[in-house]
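A.B. asks: Here it is, the structure in full.
The values are calculated or read from the model by the stated rules, or taken from the named source; none is laboratory data. For clarity, every value in this text was computed on a predicted model and none was experimentally measured. Cβ placement follows ideal geometry from the backbone for every residue including glycine, while neighbour counts extend to all protein chains displayed. Remember, those area values only see protein heavy atoms, side chains included, never the ligands or the DNA or RNA. Shrake-Rupley method; radii C 1.70, N 1.55, O 1.52, S 1.80 Å.
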Amino acid sequence: MGATVVMDSGGEVLRRTRGVKPLDYALLGRWIGHMSEGQFRHPAIMDAVPVRYERLLGWAAHYSIGTGFVLVLVAVHPRWLERPTIIPALITGIGTIVAPWFVMQPAFGLGIAAAKTPTPTIARARSLRTHTIYGLGIWVAANILRHLRS
């Protein structure tokens with residue numbers, strides 16, 4: 001969860017200093033909420049009918065997914081937490097770009113890697129920046145955890 005906190009903190013800094021709006025996690029919750037009705041893709045998620053508690057659902061999913069990716073890193077490299085290094089953390093963080101580019105954005109109606117957005121290159125760069133910050137967050141959080149355990 002610490003890595004996701006770092007990612008969200010980085011997003012908040014960018015919002016305040018550059019006016020870059022982060023993803024509204026209510027849209028993630030809306031997408032997940034519609035899955036129970038069998039709808040997994042939307043022409044435009046912004047136009048989909050809101051679901052009850054979508055913001056809460058979206059934030060819970062965001063943190064669960066972020067935690068899950070780190071659990072995969074630790075499952076693949078079980079001793080990494082004993083001595084966290086930055087390269088596996090960055091590879092994991094940047095590797096998670098697959099989820100928004102090839103799953104979420106197409107399902108939201110934005111196309112593969114935001115191809116249907118007005119400025120796909122900017123959207124892709126922002127996603128890459130966010131997931132790089134997440135990778136740094138994995139490393140930071142693992143080191144904090146390591147020092148707290150010692």
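A.B. asks: Treating each Cα of the range 13-82 as an identical point scatterer and ignoring solvent, apply the Debye formula and state log10 I(q)/I(0) at q = 0.28 Å⁻¹.
C.D. replies: At q = 0.28 Å⁻¹ the computed log10 ratios are -1.12.
A.B. asks: Could I ask something else about it? Identify which of Ile97, Ile122, Ile138 has the largest mean-square fluctuation in a Gaussian network model of the chain, with springs joining Cα atoms closer than 10 Å.
C.D. replies: Ile122
A.B. asks: If you don't mind, another one. Expressed as an acute angle from 0 to 90° and rounded to the nearest 10, what is the orientation of the C-alpha long axis of helix 2-18 relative to the principal long axis of the chain?
C.D. replies: With both axes taken from Cα atoms, the answer is about 60 degrees.
A.B. asks: Note the angle between two axes, namely the Cα long axis of helix 86-95 and the longest principal axis of the Cα atoms of the chain, as a number of degrees from 0 to 90, rounded to the nearest 10.
C.D. replies: Helix 86-95 sits roughly 10 degrees off the main axis of the chain.
A.B. asks: Sorted by mean Cβ packing within 10 Å, highest first, what order do the peptides 7-15, 47-55 take?
C.D. replies: Values: 7-15: 16.2, 47-55: 14.0.
Top of the packing list down: 7-15, 47-55.
A.B. asks: If you don't mind, another one. With P(r) over Cα pairs in 10 Å bins from 0, in percent as the read-out, I listed (i) 13, 49, 35, 4; (ii) 11, 37, 35, 14, 3, 0; (iii) 12, 39, 29, 16, 4, 0; which label goes with the value calculated from this structure?
C.D. replies: (ii)
A.B. asks: Pop the C-beta distance of Arg146 and Glu12 into the FRET formula with R0 = 41 Å and round what comes out to the nearest 0.05.
C.D. replies: E between Arg146 and Glu12, to the nearest 0.05, is 0.95.
A.B. asks: I would also like to ask the following. When the helix-only estimate is applied to the chain (DSSP H runs of n ≥ 4, each -39,500 (n - 2.57), divided by the residue count), what is the mean residue ellipticity at 222 nm, nearest 500 deg cm²/dmol?
C.D. replies: The per-residue figure over the chain is -20500 deg cm²/dmol.
A.B. asks: For Thr132 and Gln39, what does the FRET efficiency come to when R0 = 41 Å and r is the distance between their Cβ atoms, rounded to the nearest 0.05?
C.D. replies: Working: r = 32 Å, r/R0 = 0.78.
Here the calculated transfer efficiency is 0.80.
A.B. asks: A follow-up question, please. Test of understanding: what is the full-extension gain from Leu71 to Leu56, defined as 0.36 nm times their sequence separation minus their Cα-Cα distance?
C.D. replies: 3.2 nm
A.B. asks: Hey, another quick one. Please check: in the Gaussian network model of the chain (C-alpha springs, under 10 Å), which one of Thr17, Thr130, Thr92 has the largest mean-square fluctuation.
C.D. replies: In the Gaussian network model the winner is Thr17.
A.B. asks: Now for a separate question. Tally Lys and Arg at +1 and Asp and Glu at -1 over the other residues with C-beta under 13 Å from the C-beta of Arg149: what net charge comes out?
C.D. replies: So the surrounding residues net to +1.
A.B. asks: Keeping the other protein chains in place, figure out the carbon and sulfur percent of the accessible area of the chain, with a 1.4 Å probe.
C.D. replies: Answer for the chain: carbon and sulfur cover 68 percent of the accessible area.
A.B. asks: Write down the accessible area per residue of the chain in Å², having rolled a 1.4 Å probe over the full set of protein chains.
C.D. replies: Working: 9040 Å² over 150 residues.
Spelled out: the 1.4 Å probe surface of the chain, per residue, equals 60 Å².
A.B. asks: Sort the following peptides by mean Cβ neighbour count (other Cβ atoms within 10 Å, averaged over residues), highest first: 21-29, 140-148, 35-43.
C.D. replies: Listed from highest to lowest mean packing, they are 21-29, 140-148, 35-43.
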